[in-house]
Amino acid sequence: MLVLTRKLNQSIQIGDDIEIKILAVEGEQIKVGIEAPRNVEIHRKEVYLAIQEENKKAVNTSIDLLQQFSHQIKK
């Protein structure tokens with residue numbers, strides 16, 4: 001993991017297309033702005049993990065439904 005120290009209004013550049021800027025520091029909270037191409041998905045980590053979990057459930061449900069359908073066709 002790369003650890004960097006930044007001050008208010010300073011940025012971090014990731015590749016050519018992504019800039020992360022420190023917008024505000026308020027007590028223990030830091031406001032971060034992210035500029036990235038529209039095709040780059042940006043989520044809070046807990047939201048990203050929830051999306052991944054829902055995707056796994058959807059895949060498993062689809063497989064279960066296909067198996068049930070397959071058994072019905074064989075009858």
Task: Which numbered condition Lys57 fails, given (1) closer than 18 Å to Leu4 by Cβ; (2) outside the structural domain of Thr5 (by TED's automatic domain parsing) - done: (1)
Open item on the list: Taking the conditions exactly as written (under 19 Å from Met1 (Cα atoms) and assigned by TED's automatic domain parsing to the domain that holds Met1), does Glu28 satisfy them or not?
Closed with: no
Task: Unique match (being under 22 Å from the mean Cα position of the chain (by Cα), modelled with pLDDT under 95 and among the basic types (Lys, Arg)) among Lys74, Lys56, Lys21, Lys45 - done: Lys56
Open item on the list: Only one of Glu35, Glu46, Glu19 is exposed (fewer than 10 other Cβ atoms within 10 Å of the Cβ) and charged (D, E, K, R). Can you tell me which?
Closed with: Glu46
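The values are calculated or read from the model by the stated rules, or taken from the named source; none is laboratory data. Source: prediction; values computed, not measured. FYI the Cβ positions are ideal-geometry reconstructions off the backbone, even for glycines, and counts take in every protein chain you see.
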